[in-house]
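Encoded as structure tokens, the structure appears first; notes follow it.
Derivation of every value follows stated rules applied to the coordinates shown; laboratory data play no part. In this text, all values refer to a predicted model and were calculated from it rather than measured experimentally. Ideal geometry is used to build each Cβ from the backbone, glycine not excepted, and the neighbour counts take in all protein chains shown.
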Amino acid sequence: MQDQTTAGNLLYTMRANPPLVQCITNFVAMNIAANVMLAAGASPAMVHAEEEAGEFAAISGALTINIGTLSSGWLAGMLKAAQSANEAGKPWVLDPVAHYATAFRRDAIARLLELKPTIIRGNASEIIALAGGTSRGQGVDSRDAVEQAEDSARQLAEKHGCVVAVTGVTDFVTDGQKAKRIVGGSPLMPRVTALGCSLTCLVGAFAAATPDAPFDATIAALAVFALAGERAGATADGPGSFSWRFLDALAGLTPEAVDRDTRISAA
Ligand SMILES: Nc1ncnc2c1ncn2[C@@H]1O[C@H](COP(=O)(O)OP(=O)(O)O)[C@@H](O)[C@H]1O
Ligand SMILES: Cc1ncsc1CCOP(=O)(O)O
Ligand SMILES: [Mg+2]
């Protein structure tokens, strides 16, 4: 029987019934993340106010939370949304942007982790620090290699009972037991702001489409991103043209090309 959980099949499934994804992301990411979601075939809604975030999570297929431009009002909305997603049995994804940088962020991330995210997606410096290690991250940017974050990712996945994705030159995904690596993308990706934040939203879209398989959903989202990034990078002149070429590449990916051209291996 054909494997229904390949990245290409999950892209087909996600597009066939575009999931509503509530994205609580940051001011920098909001526009590009919504465009990435639409290009890939999902239906994003950037809804963060404390007054409505919980109600909205209950009607969404998945929720994503990103602390990139945190404030106390937004944190209140995040906590309500995560509680509501849990009560409604909806998957939710945490992006711990620069969580190590200030006491406010450290406190916020601890409170969000208590609400048991289904998936955590971060760069290597964020994942190392989240597991209690010493990272070299500078603000929102990673200065560590993904290979050095793999043990941290496995520990975090086991401790919190979730899937952990570390991204960078090669991506790494684990649920604490099994693990996979995804190769692809472009060196231009970290030179365009908020692509990691956008990827977190896309992980939410795949998780909404296949809520019982968060490990496979995460791999599919990262594989789609890696292939679109590789294609856009092949013809881009720099970060500016990469940005629009990346949206076009995402929209133009077919499930067949994803299953043929992505490079996913067991770790
Ligand atoms: N040097 C690189 N080469 C190829 N792909 C990369 C590179 N750096 C980051 N990426 C890709 O960019 C996307 C965002 O990841 P990353 O830059 O790690 O996140 P963040 O923006 O949160 O720091 C991921 O799809 C990742 O695979
Ligand atoms: C520049 C910046 N400042 C606060 S959030 C943000 C965007 C970070 O995006 P990413 O984590 O995808 O690099
Ligand atoms: Mg980030």
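For the chain, modelled as a GNM whose springs connect Cα atoms under 10 angstrom apart, the maximal fluctuation among LYS159, LYS90, LYS116 occurs at LYS159.
Taking label positions 7 Å along the Cα-Cβ direction at both LYS116 and LYS178, the computed distance is 2.2 nm, reported to one decimal.
Largest GNM mean-square fluctuation across THR118, THR174, THR69, computed for the chain with C-alpha springs under 10 Å, falls on THR69. The alpha-carbon of LYS90 sits under 21 angstrom from the alpha-carbons of these lysines, leaving out residues fewer than 8 places away in its chain: LYS80, LYS116, LYS159. For ALA42, the amide hydrogen comes within under 5 Å of no other amide hydrogen, counting only partners 5 or more places away or on other chains and with H modelled in the peptide plane. I need the shape label for the chain. Rule: rounded when a/c is under 1.5, else prolate if a/b > b/c, else oblate, with a, b, c from the alpha carbon gyration tensor. The shape class here is rounded. With the simple model of a label 7 Å out from the Cα in the direction of the Cβ, ASN31 to ALA76 spans 2.9 nm. Estimated from helical segments only, the mean residue ellipticity of the chain at 222 nm is -16000 deg cm²/dmol, where each DSSP H run of four or more residues counts as -39500 (n - 2.57).
Summary value for segment 186-234: 46 percent relative contact order, contacts being C-alpha pairs under 8 angstrom separated by 6+ residues.
The stretch between LYS159 and ALA267, if pulled fully straight at 0.36 nm per residue, gains 36.9 nm over its current Cα-Cα span.
Placing unit charges on the Cβ atoms only, positive for Lys and Arg and negative for Asp and Glu, gives segment 155-234 a dipole magnitude near 200 debye about its Cα centre.
Using Cα-Cα distances under 8 Å and only pairs 6 or more residues apart, what relative contact order does segment 73-166 have, in percent? List each step's numbers first, then the result.
Values: 138 pairs, mean separation 25.3, N = 94.
RCO, segment 73-166: 27 percent.
Ranked by Cβ crowding within 10 angstrom, fewest neighbours first, how are LEU247, LEU20 ordered?
LEU20, LEU247
Each distinct pair of alpha carbons in segment 151-267 adds a 1/r term; the inverse of their mean, the Kirkwood radius, is 14.4 Å. With 0.36 nm allotted per residue and the present C-alpha distance subtracted, the GLU50-GLN4 stretch has 12.8 nm of extension available. Note on segment 41-186: Cα Rg divided by 2.2 N^0.38 Å, N the number of residues, gives 1.02.
Using a 10 Å cut-off on Cβ atoms, rank the peptides 28-36, 102-110, 249-257 from the highest mean neighbour count down.
Details: 28-36: 20.8, 102-110: 14.2, 249-257: 16.8.
Listed from highest to lowest mean packing, they are 28-36, 249-257, 102-110.
Computed extension gain for ARG15 through THR235, at 0.36 nm per residue and net of the alpha carbon distance, reaches 76.6 nm.
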